[in-house]
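Every number in this text was worked out from the coordinates using simple rules, so none of it is lab data. Note that this is a predicted model, so its numbers are computed, not measured. Here the Cβ positions follow ideal geometry from the backbone for every residue, glycine too, while neighbour counts run over all protein chains shown.
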Number of protein chains: 2
Amino acid sequence: MLIRATAALLAAAPAIAQSPPTAAQTDPAAAGLMQGSPVPAERQVRWDDGSMWIFPKTRWAFSNQQALVPTAPIAREGPVSPLPRALRTDLDAVAFTTLAGKPMTWGEAFDANYTDGIVVLHRGRIVYERYAGAFGPHGRHIAMSVTKSFVGTLAELLIHEGRLDEGRTVASYVPELAASGFGNATLRQLLDMRTAIAFSEDYAGQGLSDVNRMAFATGMAPSQPGFTGPTGNFAFAAGLGANGQHGGDFVYRTPNTMALQWVVERVGGAPLAAQMSERFWKPMGMEQDATLNVDRIGTAFGGGGLNAALLDMARFGEMIRKGGRWNGRQILPPAVVGAILSPGDAAAFANTKYPGIEGGSYSSQWWHRAGGQTMAVGVHGQGIYIDPKAELVIARFASHPIATNRAINPVTMPAYDAVAAKLSRR
Amino acid sequence: MLIRATAALLAAAPAIAQSPPTAAQTDPAAAGLMQGSPVPAERQVRWDDGSMWIFPKTRWAFSNQQALVPTAPIAREGPVSPLPRALRTDLDAVAFTTLAGKPMTWGEAFDANYTDGIVVLHRGRIVYERYAGAFGPHGRHIAMSVTKSFVGTLAELLIHEGRLDEGRTVASYVPELAASGFGNATLRQLLDMRTAIAFSEDYAGQGLSDVNRMAFATGMAPSQPGFTGPTGNFAFAAGLGANGQHGGDFVYRTPNTMALQWVVERVGGAPLAAQMSERFWKPMGMEQDATLNVDRIGTAFGGGGLNAALLDMARFGEMIRKGGRWNGRQILPPAVVGAILSPGDAAAFANTKYPGIEGGSYSSQWWHRAGGQTMAVGVHGQGIYIDPKAELVIARFASHPIATNRAINPVTMPAYDAVAAKLSRR
C-alpha cells in the first residue's frame, strides 16, 4: 500500500506537468470533493489510498489535513492581535512578465499559481486578501516546508539563549544521531542544509526511493505489511548515512530539518507543537490554533507538517519585519531577527539555479533573494515573503499541481516584485 | 492487524476487571506517556498497534484523540458565553454509600471513577470543577456515546421543523438502507433504540465479532490486508441485517445511531460536524472548537467520536435545563427540550437492569432516571447529567478501565444523588 500510495503521489506531477487542468477546472467545491453522505468513491479524498496527495484532490486535502491524518494542536490564547485592513483595488491590474516571458497581471497570477489564499501586508496593513478553493479565512492550510523556517527560528532562539552552540556537533546534542550521517555535522551545517547526507529529495523516485521511505516514516503514506524500515521521523533521520564531507554547497534535503527538530525538542525540552505554541502562537495573539501532522508515535513532521490560518502566517512574517516585536511583546530578540534576515553564503547557493532567486542564499532554514528579501518556502506554492525595503509581507497558500517551486517561482517572483514596486511608488 | 488491535482493545477490560491499578497508579503524566523526543516504545500510545484503546494508555488517549486519528473540526465563533463560578469547598466531604454498599465521599469518588474532569453547575453557576490525568480546562476529551445524544437532539430539531417524520421508515429517507435491517424501522424506533438488528454490542467478542468489525469500519482500528468488510460508518450500518421485529424492548446498539446520523446528514444537508457547529457550537458561544473522529472517507463517528471541552459539555446540559435558551438565543425550541427531558417507555427498559437507573427509560438517544433526571452517557465514564428538580447539571469525562457504565454507575448514581441533596438543602 505504501508503494501504491506513494507511487500514485509521485507519479502525479510528471503526468500532469505537460498541461494540467486549470485552477477553475479543479475547484474542489465545483468538483464536489468530499461532498455527500457518504461521499461517493470518485469524490473521496483519502489517506489510505494515497489520493490525498494526488492533484486535483490536493486542492481539498491541503486545506483539510486534520480530517485525513493525526495532528498535534498548537494552541493559541487570549485576545487576537489586530491586523488592520486598508484594502486596495488597484493591485489586481498590476502587470508583470513571467520569467517565461508571458505577460500577466497580479489578478491573473492568483489562478495561474492555483492559489488557495494570499494576503499582502504593506506597512503592517492588509492591502490585499483573497481566498479560493477549499480554503478560507477560518481554515487551516498545510504550509509544507514553510514549517522548516519555524524550526530554524526556534533553533536560532536557543542559540541566542546560549542553550545551543552552532559550532557543536549534532551528536553532542542527540547521541542517537551519532552513528548517522548527521552525527559529525555541526548545528550550523544542519541549519544551512550544507550536510552531506545520503538522501535524494527526488519526488519522481519509484518504489522504495528515499522520498517514499520518508513518506512511510512520517505517516504521510499508509504502512506496508512487511515493511521493515524506520517508523517515525526521528528514526528515519537516524537511519540515513553520510555521502561525502559536510560543509559543501547548499543541498535541499528535508531530513536536515528532521534532525534539527530533534535537537530543538531535546534541548528545548518539549515537542515542537508545544514550543511553537509557547514561543509564537500564544504570545503573538494568533487568531487560530494551528496543527502539526504527526507520525505514528506522535512526533510532529517539522519538515513540512504545519497547518495554519493564512493571517497567522502573515503575522509571523510581519513580526519579523518589525524587528521581532508584535502584540506588545518582543517575540524574537533583534539578534535572532538579524540572523533570520541576513543572507547566507551566496557561493554555496550559486549552483542551485532556482528561477528568480539568482544570487540568493539559504540560511537558518530561510531563503534569501539578492534584493534583500527573506522567504519561507514550501512545495506546491506555500510561502511567507518578507521584503524589508518595500515594507511588504506576503503570505500565500496554494495547491499547484507541480511540487517544486522551480515551476512556480517564474510567476511568483516577478509578481511579488511588481506589487512591491507598485506599493513603493505612491 | 485489525484482529491484533481490537483483540488487544477488547481483551483489556476483562483482564483488569478483577483488580485494576488505581487512578493514582495510572496517572499518565507520572507514567510519562507520550513523553520524550522520540517517545520510547513503552510510553507510546498508538493507533496502529491498538494501544490507544488499552488501559492505562487510554488515560492519555481519551484526552488526545486528534493526535491519534483524523478528526473533523466543529467550529465555534464569537465571544465565549459566560459560566459564572461560585465554587464550594464543602462538596468533597459529601458522603454516600455506593450501590455495592461501600461508604465513600464525593472527593473519593473522583479517583474511584478514574475521573479526568468533572464540573457541577447549580442554578447555572459552577460550584465544583476538577481535572486530572492528561486532561485540563483547555483540553478536548472523547465523549464516547455522549455523542449519540447530540445526534438525537439534531434529529428532534429536524422533526420539530417538519423535515423529519418520526413515523416514517428509515429507508424513505436513506434508500441505501432499504435492504438493511434498518430499512423498515421507523425513525422513532431508531431514536429509541427499539430496532431488531443483527448486531451484538458485546465488547468481549473475539476475532471478527460485530464490535471488531465496527472498529474497522469506523477507523478505530487499523485496516487489515485482505479484509473485505465495509469501509465507513454508513456502509457498516447498511451491511447489518434484521434479527426479529422492530418495536420491542430497548436494546443498546450503536449502529442505530450510525443509521440515525445518516438520516440527519441526508435531510439536514450537511455533515454532522457542520450541523453541530451551526446549531450548537457557534450560537452557544462554546469556548473551544470540538472535533469528531472520522472514518477513512471523512464520515464522522456519531456513535461515539465527539471530543470537546468539559465546560462546553456543561453548557449544553445547562442550555437544555434552561428550556433551550442560552447565550441570549433560543438554541432549542421548548418542544425539542420537552422531547429530550421526557422519559421514554419504562416497560421497554425494564429488563435492562442498569444499576442506578431502575425504573428509567431511553428515548431520543438520551437516558432517563426514575427521579426525573436526563443523561447523555458514554462508556468508560463519560456523561452529561441534568437534574431539573435539583437545578443541577454535571458534566464528566473519565478513563475508567471498564467500558460499561454498569460497572461505574454503582459509584456515580449515589454520588450524584448525594450532591443533588446537599445542594438542594441550603
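Counting only DSSP beta bridges whose two residues both lie in the stretch A:58-426, roughly 95 percent are antiparallel.
Of the residues A:Met375, A:Phe96, A:Pro334, the one whose Cα sits farthest toward the positive end of the charge dipole of the protein assembly as shown, with +1 on the Cβ of Lys and Arg and -1 on the Cβ of Asp and Glu, is A:Pro334. Shape class of the stretch A:45-125 from the Cα gyration tensor (axes a ≥ b ≥ c, square roots of the eigenvalues): oblate, since a/c reaches 1.5 or more and a/b does not exceed b/c.
Provide the FRET efficiency to the nearest 0.05 for the A:Leu99-A:Thr404 pair, computing r from the beta carbons and using R0 = 22 Å. Each step should come with its number before you reach the end.
Working: r = 14 Å, r/R0 = 0.64.
Computed FRET efficiency for A:Leu99 and A:Thr404 comes out at 0.95.
For A:Gly371, the label point sits 7 Å beyond Cα toward Cβ; its separations from the matching points on the remaining copies run 7.3 nm, from shortest to longest.
Only Lys, Arg, Asp and Glu count, each charged at its Cβ (+1, +1, -1, -1), so figure out the dipole size of the stretch A:58-426 about its Cα centre, rounded to 20 debye. Write out the running numbers ahead of the final one.
Details: 33 positive and 29 negative charges, 145 e Å.
Magnitude of the dipole: close to 700 debye.
Peptides A:347-356, A:386-395 ranked from most to least packed, by the mean per-residue count of other Cβ atoms within 10 Å: A:386-395, A:347-356. When only alpha carbons of chain A are considered, Rg and Dmax amount to 20.2, 64 Å. The trypsin sites (Lys or Arg not before Pro) found in the stretch A:36-139 that occupy coil by DSSP, while having at most 14 further C-beta atoms within 10 Å, are A:Arg123. Across the stretch B:157-168, rounded Karplus estimates of 3J(HN,Hα) from the backbone phi angles (6.51 cos²θ - 1.76 cosθ + 1.60, θ = phi - 60°) give 4, 5, 5, 4, 7, x, 8, 10, 10, 5, x, 7 Hz, Gly and Pro being marked x.
So how many Å³ per residue does the convex hull of the Cα atoms of the stretch B:318-396 work out to?
On the way: hull volume 7.3 nm³, N = 79.
Enclosed volume per residue, from the Cα hull, is 93 Å³.
Of the peptides B:149-161, A:172-184, the order by per-residue mean of other Cβ atoms within 10 Å, starting with the highest, comes out as B:149-161, A:172-184. The same position B:Ala270 in the other copies lies at 3.5 nm from this copy, comparing label points 7 Å beyond Cα toward the beta-carbon, shortest first. Between B:Ser342 and B:Ala24, the simple spin-label model (points 7 angstrom out along Cα→Cβ) gives 4.9 nm.
Semi-axes of the stretch B:212-324's equivalent ellipsoid from the Cα gyration tensor, sqrt of 5 times each eigenvalue, largest first, rounded to whole Å? Walk me through the numbers before you get to the answer.
On the way: eigenvalues 158, 69, 32 Å².
So the three semi-axes of the stretch B:212-324 are 28, 19, 13 Å.
Percent of C-alpha pairs per 10 Å bin in the protein assembly as shown, short distances first: 2, 13, 22, 24, 19, 12, 6, 1, 0.
Considering only A:Ala273, A:Asn184, A:Thr291, the residue lying farthest towards the positive end of the dipole of the stretch A:168-315 is A:Asn184, judged by Cα position with unit charges set on Cβ. Temperature 20 °C, viscosity 1.002 mPa s: under these conditions the Stokes-Einstein estimate for the stretch A:67-112, based on its Kirkwood radius over C-alpha pairs, is 143 µm² per second.
Give me the inter-chain shielding for A:38-45: mean count of other chain Cβ atoms within 10 Å, whole number please. Before the final figure, lay out the partial values.
On the way: counts 14, 6, 1, 1, 0, 2, 5, 2.
Shielding by partners across A:38-45 averages 4.
When both the stretch A:140-187 and the stretch B:328-359 are represented by their alpha-carbon centers, they are found 57 Å apart. With each label modelled as a point 7 angstrom along the Cα→C-beta vector, the A:Gln245-B:Asp111 pair spans 6.3 nm.
The stretch B:49-115 and the stretch A:235-277 have Cα centres separated by 38 Å. Seen from B:Thr412, the other residues with C-beta closer than 12 Å to its C-beta sum to a net charge of +2, counting Lys and Arg as +1 and Asp and Glu as -1.
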